[in-house]
Amino acid sequence: MIINYAHRGASAYAPENTFASFYLAIEMNADGIETDVQKTRDHVLVLFHDEKLNRITGQSGSISDFTYSELLDFDFGSYKGNKYKNERIVTLYDMLKYLGGKDLKFIIEIKVEDIEEDVLKIIYKFNCDSKVTITSFNLCSLKKIRDLDSTIEIGFLTDGIKESTLRSLENWNIKQICPNIEFIDYQKVRYAKKLGYSVRCWGVKTIELMHKALQCGIDGMTVDFPDKLAEVLKK
């Protein structure tokens, strides 16, 4: 089974990492939701991808420069059109509170260090540990997760699939590798799966790349347009 993860929700159509985007992804038959976690100045875990706020809100600064209350005054939706004006930032707590009970899988990407334990606490709070894969480009963060939880699924975000990387991940019981679709092929995916890894690719920005991912034999992918992938998988 190939898992159709909505990348920051149905982000081709609705403002990324918002409830509007998450619920639209569900309507579009996504199997799961991928999102990003950072920490506010007052240590609230919120869902946001970029290092800076500018692209989404027009505001200068980073998530960590503001309290959660201050961030609630910012518009996280208008960049996608007036339909989404005043869409608010979402906390990890609220996302799992309202969506954790649904028949969905979740990818939670850790974007900053020293939030690993707090992320796990919220996952446990809503009994979502069997539904969640925690990912990061930062191997140190993933090692902290594994030290804290010996069984939760972990995925390492990287550009390609290298033998040295796979051997390193094996030492930490990390069994999912998440390469950029641009740098993989069928043989590389087959090699990783032969060693016992699942392969979930990212960077699937076009329909052509979506078909490439399917031809490579991946186990899942994150897409901005989960409706298009759902339609193909249905066939």
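The values are calculated or read from the model by the stated rules, or taken from the named source; none is laboratory data. All of these numbers come straight from a predicted model, not from anything done at the bench. Cβ sites come from the backbone with ideal geometry, for glycine too, and all protein chains shown count toward neighbours.
Evaluating Ile122 against the criteria (1) in a loop (DSSP other than H, G, I, E, B); (2) in contact with a strand residue (DSSP E or B) (Cβ under 9 Å, 6 or more places away or on another chain) leaves one unmet condition, (1). Counting residues in the range 179-193 that are in contact with a Leu (Cβ under 7 Å, 6 or more places away or on another chain) and not in a helix (DSSP H, G or I) gives zero. Is at least one residue of the range 30-47 under 18 Å from Lys80 (Cα atoms), surrounded by 21 or more Cβ atoms within 10 Å (Cβ to Cβ), small (Gly, Ala, Ser) and touching a strand residue (DSSP E or B) at 6+ places or on another chain (Cβ under 9 Å)? So far as the range 30-47 goes, no, none of its residues is under 18 Å from Lys80 (Cα atoms), surrounded by 21 or more Cβ atoms within 10 Å (Cβ to Cβ), small (Gly, Ala, Ser) and touching a strand residue (DSSP E or B) at 6+ places or on another chain (Cβ under 9 Å). Here Asp227 meets each of (1) under 28 Å from Gly101 (Cα atoms); (2) in contact (Cβ under 8 Å) with a residue 24 or more places away in the chain; (3) in contact with a strand residue (DSSP E or B) (Cβ under 9 Å, 6 or more places away or on another chain) with one exception, condition (3).
Take Ser21 and decide whether it is free of Cβ contacts under 8 Å to residues at least 60 places away in the same chain and either within 20 Å of Ser141 (Cβ to Cβ) or over 19 Å from the mean Cα position of the chain (by Cα) (or both). In short, no. The residue of the range 162-177 that is surrounded by the most Cβ atoms within 10 Å (Cβ to Cβ), among those that are over 12 Å from Arg200 (Cβ atoms) and in contact with a helix residue (DSSP H, G or I) (Cβ under 7 Å, 6 or more places away or on another chain), is Ile174. Of the residues Ile108, Ile89, the single one that is more than 19 Å from Gly32 (Cα to Cα), within 18 Å of the chain's Cα centre (by Cα) and hydrophobic (A, V, I, L, M, F, W, C) is Ile89.
Pull up the range 206-230, narrow it to residues that are in a loop (DSSP other than H, G, I, E, B) and under 25 Å from Leu24 (Cβ atoms), then point me to the one that is nearest to the chain's Cα centre (by Cα). Per the criteria, the residue is Asp224.
Is it fair to say Glu113 is within 26 Å of Asn180 (Cα to Cα), without any contact (Cβ under 8 Å) to a residue 40 or more places away in the chain and in contact with a helix residue (DSSP H, G or I) (Cβ under 8 Å, 6 or more places away or on another chain)? Explain how you work it out, then say what you get.
Working: within 26 Å of Asn180 (Cα to Cα): yes; without any contact (Cβ under 8 Å) to a residue 40 or more places away in the chain: yes; in contact with a helix residue (DSSP H, G or I) (Cβ under 8 Å, 6 or more places away or on another chain): yes.
So Glu113 fits the description; yes.
When you look at Thr165, is it part of a loop (DSSP other than H, G, I, E, B) and out of contact with any Gly (no Cβ under 9 Å at 6 or more places or on another chain), yes or no?
On the way: part of a loop (DSSP other than H, G, I, E, B): no; out of contact with any Gly (no Cβ under 9 Å at 6 or more places or on another chain): yes.
It is false that Thr165 is part of a loop (DSSP other than H, G, I, E, B) and out of contact with any Gly (no Cβ under 9 Å at 6 or more places or on another chain).
You will find that of Gly203, Gly196, Gly155, the residue that is part of a loop (DSSP other than H, G, I, E, B) and modelled with pLDDT of 95 or more is Gly196 and no other. The single condition from (1) under 21 Å from Val112 (Cα atoms); (2) touching a Leu at 6+ places or on another chain (Cβ under 9 Å); (3) of a type outside the set (Gly, Ala, Ser); (4) surrounded by 23 or more Cβ atoms within 10 Å (Cβ to Cβ) that Gln59 fails is (4).
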